[in-house]
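The next block holds one structure in the form of structure tokens; read it before the comments.
Taken together, the values in this text are just the output of simple stated rules run on the coordinates, not laboratory data. Bear in mind the structure is a predicted one, so any value in this text is a computation, not a measurement. Because the Cβ atoms are built from the backbone with ideal geometry, glycine has one as well, and the counts that use them run over all protein chains shown.
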Amino acid sequence: MDEMEQDRRAEARLAQRLLRGGVGLRHVRRTLRELRDHREDIVERMVNQGHDRAAARHEAHRLLGDPDSLVAQMTVRPELRSRARRFAWLLFVLGPMPMVCALGLLATLAAMVTLEGIGLATGDYSADVELSTYMAMLQWVAPAAAGLLLCWAAVRREVAAIWPVCAVVIVALSSGAINYHDSGSMATLAFGLYPFDEQRAVVLFFVLGLAYLLLRGRLSRPRPNNAL
Amino acid sequence: MAGSDRALMAGVPELLLLQLLARRTMYGYELAQQVRLASRDTLAFGESVLYPALHSLEQRRLLQTRERTVDGRVRIYYELTAKGSTRLTQLTAEWRRIATGVEAVLAAGPHG
């Protein structure tokens, strides 16, 4: 493995340690860039002083030393933490329900436009095709999309597993609470625990939980810093 | 800062970085060199002290950054803000007060 590749791997490991420690992505990216520049400056100075480039690179690595101290200094400062870390409760506890509502609205509007476009819209929202499409958007697509987004954010920002688990539980409960009630004379959309679809909530909980584990396995591997 | 007591030196990087940046804008490596030169080799900031301190000062709006291309390389320059200038005045006064007090105690000797 050449030195460039070794540097890239070392940077990827450092980035992962900083992210896991809760340091904001902006600070992680810039720190890596500044360290790279710092190393290049040391090499340049030594080469100008008459050293061989390989020896200069070796010396620059020695001078910059081991990253433990840098990680400790960065993770100890609350002002450098990512918003996802500082306001995790806001995103993963208060965020899911508004997200499900907003995505539900968007998904339903998209379904309306699509049905209109392919000539399946009748204007009667209680018609079978339309009703089942809109309900699928509200009960499945929107909660699943919200859950996936939150799981992705949790993995990307390396937050503690408790937060995405909270988010997945809330999303699954929200999904189970969205129901359609037809009294014969009037059809209503209900949001509440009575009636509550336990099966849907359980299925979404497991699907999103599995998605979180898969994302964690895939995205939390050390990445080259240009993929950050 | 090699060879110095960490507790004693807490707050020193902030004061020195603000002071050096009050003279002119600089990038990371340049600052590290200036700390060494200006302190006549008494102090040296490793990257593990320098960059976290700079990022923290920027996050607290005491410094701001600007990218500049110099000799074909894009560098991140740090510069003092008005808030940073006020903070430097406070820290300098505080440092002088403490240094005077400590010096008075040390000057009195062990039996003073």
Can you tell me what the convex hull of the Cα atoms of chain A projects to on average, as an area in nm²?
17.1 nm²
Chain lengthening between residue A:128 and residue A:7 when straightened (0.36 nm per residue, less Cα-Cα)
37.6 nm
In region A:25-104, how does Rg compare with the Kirkwood Rh, expressed as the Rg/Rh ratio over alpha carbon atoms?
1.29
Under a point spin-label approximation (7 Å from Cα along Cα-to-Cβ), what is the residue A:77-residue A:44 distance to one decimal in nm?
2.4 nm
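Assuming R0 = 56 Å, can you tell me the calculated FRET efficiency for the pair residue B:36 and residue A:116, based on Cβ-Cβ distance, to the nearest 0.05?
Efficiency, from the Cβ-Cβ distance: 0.20.
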Unit charges at the beta carbon, dipole of region A:66-149: most positive-side option, A:141, A:89, A:120
A:89
Gyration tensor over alpha-carbon atoms, chain B, equivalent ellipsoid semi-axes in Å:
30, 16, 11
Could you calculate the FRET efficiency of residue B:74 with residue B:15 from 1/(1 + (r/R0)^6), where r is the beta carbon distance between them and R0 is 25 Å, rounded to 0.05?
0.30
Who wins for biggest fluctuation among A:178, A:162, A:170 in a Gaussian network model of chain A, springs between alpha carbons below 10 Å?
A:162
Among A:42, A:16, A:106, whose Cα sits farthest toward the positive end of the charge dipole of region A:1-153 (+1 at Cβ of Lys/Arg, -1 at Cβ of Asp/Glu, about the Cα centre)?
A:42
